[in-house]
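Below: the structure, in structure tokens.
The values are calculated or read from the model by the stated rules, or taken from the named source; none is laboratory data. Computed from a predicted model, the values in this text were never measured in an experiment. Glycine gets a Cβ as well: all are built from the backbone with ideal geometry, and neighbour counts include every protein chain shown.
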Amino acid sequence: MATEAIDDDLRMLEFKLAQLKRDYDQYFLGNRPREPVQLRGEVIKAVIELTNTAIKNTASRFKFTSICSRYQAFRRQWDETLRKIEAGTYERHRFKAKLHKQDETAPAAAPTAPACGAEDDLYDAYVEARRTCGESVKGLSREKLDGILAQQRDALRAKFGSAAEFRFRVQIEGGKARLKASRVKAAG
């Protein structure tokens, strides 16, 4: 096989592997309904074909080896996550299930996350959401969160009036934990 053809195959394999990683990330986030088995099969087929090809160019052989190593690392990660999903121990799914369970008991809650009344509940939910999303909680304290919420409230009151009240809730967007404010309607 010519060096140019092998290089083209390697570029295509690298592209498919990047797409497969994106598809699995979306699947594990719940944004994709099914596991990308067809694309995974194409990647496996390409890896097998290139494994059975004599790659004489050292640079191409090195590139193929590094792509294979990356694929093997991703494959182990994906298989482990799939095992956790099957066993019901995948943290992101457990967190979402907990949110859905809380949604059922609190009818006024937002569809993606429960509204948290007490600041302690909000802090706990925010920390759990950040951990579930793989975000760092280092340096995050109740006091720091209270300060952030106070700043957001001040900014919102400047926009909507000093008498406006807001309730914050935890919401996961794009795989990241976010604090969302909603205006509390005044009684009367």
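Need the failing condition index for L39 against (1) in contact with an Asp or Glu (Cβ under 7 Å, 6 or more places away or on another chain); (2) assigned to a helix (DSSP H, G or I); (3) under 19 Å from G134 (Cβ atoms), just the number.
Failed condition: (3).
Considering A113, A129, which residue is surrounded by 14 or more Cβ atoms within 10 Å (Cβ to Cβ), at pLDDT 75 or above, closer than 17 Å to K176 by Cα and not assigned by TED's automatic domain parsing to the domain that holds R32?
Working: A113 fails: at pLDDT 75 or above.
Among A113, A129, only A129 is surrounded by 14 or more Cβ atoms within 10 Å (Cβ to Cβ), at pLDDT 75 or above, closer than 17 Å to K176 by Cα and not assigned by TED's automatic domain parsing to the domain that holds R32.
Considering only the range 133-160, how many residues are without any contact (Cβ under 8 Å) to a residue 12 or more places away in the chain and assigned to a helix (DSSP H, G or I)?
Going through the range 133-160 one residue at a time, the tally reaches 10.
Can you tell me which residue within the range 3-47, out of those that are of a type in the set (V, I, T) and without any contact (Cβ under 8 Å) to a residue 12 or more places away in the chain, is surrounded by the fewest Cβ atoms within 10 Å (Cβ to Cβ)?
Taking the range 3-47 as the starting set, the residues that turn out to be of a type in the set (V, I, T) are 3, 6, 37, 43-44, 47.
Pick out the ones that are also without any contact (Cβ under 8 Å) to a residue 12 or more places away in the chain and you get 37, 44.
Values: V37: 9, I44: 12.
Result: V37.
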